[in-house]
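Below you'll find the structure, written out as structure tokens, and then a few comments.
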There are 2 protein chains.
Amino acid sequence: MNRLVSVIQALKAKGVRLTSERQLILRRAVNHLHFSAEELVNDVRTIDRSVSRMTVFRTLTLLQNAGLVEKHDFHYGPPYYEVTYGKAHHDHLMCMRCGEIIEFQEPRWEPMQEEAAKRYGYKLLSHTHKLYGLCGSCQTRNNGKPVHKAPKLHVEEIVA
Amino acid sequence: MNRLVSVIQALKAKGVRLTSERQLILRRAVNHLHFSAEELVNDVRTIDRSVSRMTVFRTLTLLQNAGLVEKHDFHYGPPYYEVTYGKAHHDHLMCMRCGEIIEFQEPRWEPMQEEAAKRYGYKLLSHTHKLYGLCGSCQTRNNGKPVHKAPKLHVEEIVA
DNA sequence: GAATATTTGTTACTCAGTATCAACTAAGAA
DNA sequence: TTCTTAGTTGATACTGAGTAACAAATATTC
Ligand SMILES: [Zn+2]
Ligand SMILES: [Zn+2]
Ligand SMILES: [Zn+2]
Ligand SMILES: [Zn+2]
């Protein structure tokens, strides 16, 4: 089944009204992998100029609260969003130079996180795990893409 | 040796000029564990009103670039800063209701992250790993402290 | 249909962070 | 020391993402 359709079904199942604006926003959102709010605004308004910036923001928070969309902070610029509904949980690996984002799974980690939380009497509800580095091509050459402002590195790597 | 002294020594070793403003800012910063920029501004200006907001921000970025301070995004409000110089690497566990932050170490994870990055041809430079949940007391009672806006939960927990 | 509730777009606003720039201060050379 | 230069600071203005308010438009209920 089409990804857009399944997301729409999930929305309806939650009793959320599906307006034409929301449908367009969703249609564009599922087309991107990770996108900033402002990118989505531009993308949507390229198609239909009558949809306002506000509605895009409002829809994004609506989708977040419904648990269909996740907000990521990658330490660079604005937060990125991702339609996670129907996707298996994954963590992220990002190239600090070209910005490429790789999604990967490491099943061994998930139970260990529960364990760590329990050790301190916490009930674990969610987590974020992001790796930052240099992709293969950026290790060997500056590939011309814009360079991100480096997030702070571990001390060991800086003094080295 | 005093923590403030060792941080100052590290700064000097990097050839950064230690002005009286910077010394005050550092002195207050090492006194807090995790703090927002604006909190530090208020704290510093309570002691010396003549130190400007700008200088606090500038000093924070200076310290970040020098690798002495780390910036955390906890999904709530503004980013938090932490003087990490001389501290062993650790990850964070945060209570979504009362905001308590626990620092913990999980040595088994660190090599696994290197491994995961390598799997995709990446050179790992840094990472962030944050767990969100409810602390012991917040699981059983609303403790009166302000409730954070919940970060998005995993889908499984929302539909449940 | 009328009455009610939800969604939308416009506009104005907030608030953290940044840019500018002149005044100030410290370091270096002569 | 004095001259020169470079680095630092504070006031002010600005940016840009996100939010609040509110009236118009639309959908839902009776
Ligand atoms: Zn994970
Ligand atoms: Zn992803
Ligand atoms: Zn770690
Ligand atoms: Zn910490």
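The values are calculated or read from the model by the stated rules, or taken from the named source; none is laboratory data. From a predicted model like this one, the values you see are computed outputs, not experimental measurements. Note that we place each Cβ from the backbone using ideal geometry, even for glycine, and neighbour counts take in every protein chain shown. Areas reflect the complete protein model, heavy atoms only, side chains present, ligands, DNA and RNA absent. Shrake-Rupley method; radii C 1.70, N 1.55, O 1.52, S 1.80 Å.
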Qualifying positions in segment B:68-80 - away from ligand 2 (no atom under 16 Å from the Cβ) and facing chain A (nearest Cβ under 10 Å): B:L68, B:V69, B:E70, B:K71, B:H72, B:D73, B:F74, B:P79
Lone qualifier among A:I8, A:I25 - being in contact with a Ser or Thr (Cβ under 6 Å, 6 or more places away or on another chain) and not in a loop (DSSP other than H, G, I, E, B): A:I25
Pick from segment A:15-34, criterion at pLDDT below 95 and surrounded by 14 or more Cβ atoms within 10 Å (Cβ to Cβ), ranking: farthest from ligand 3 (Cβ to nearest atom): A:V16
Selection within segment B:86-106 - touching a residue at least 12 places away in the same chain (Cβ under 8 Å) and either within 16 Å of ligand 1 (Cβ to nearest atom) or farther than 16 Å from A:S126 by Cα (or both): B:G86, B:A88, B:H89, B:H90, B:D91, B:H92, B:L93, B:M94, B:E103, B:F104, B:Q105, B:E106
Residue match in segment B:62-70 (condition: within 22 Å of A:M112 (Cβ to Cβ) and either more than 16 Å from ligand 3 (Cβ to nearest atom) or not small (G, A, S) (or both)): no
Residues (out of contact with any Lys or Arg (no Cβ under 6 Å at 6 or more places or on another chain) and away from ligand 3 (no atom under 16 Å from the Cβ)) located in segment B:71-97: B:H75, B:Y76, B:G77, B:P78, B:Y80, B:V83, B:Y85, B:G86, B:C95, B:M96, B:R97
Positions within segment A:73-110 being modelled with pLDDT of 90 or more, open to solvent by 60 Å² or more (accessible area, probe 1.4 Å) and in contact with a His (Cβ under 8 Å, 6 or more places away or on another chain), in sequence order: A:Q105
Residue in segment A:2-38 that is nearest to ligand 1 (Cβ to nearest atom), counting only those that are more than 15 Å from A:K87 (Cβ to Cβ) and of a type in the set (D, E, K, R): A:K14
Filter result (of a type in the set (D, E, K, R) and crowded, with 19+ Cβ neighbours inside 10 Å) within segment B:44-70: B:E70
Checklist (1) under 25 Å from A:G99 (Cα atoms); (2) within 16 Å of ligand 2 (Cβ to nearest atom) applied to A:E38, failing item: (2)
Condition broken by B:L40, with the remaining ones in (1) away from chain A (no Cβ under 12 Å); (2) at pLDDT 95 or above; (3) exposed (fewer than 14 other Cβ atoms within 10 Å of the Cβ) satisfied: (3)
Top-ranked residue of segment A:111-137 - restricted to ones that are open to solvent by 10 Å² or more (accessible area, probe 1.4 Å) and assigned to a helix (DSSP H, G or I), ranked as farthest from DNA strand C (Cβ to nearest atom): A:P111
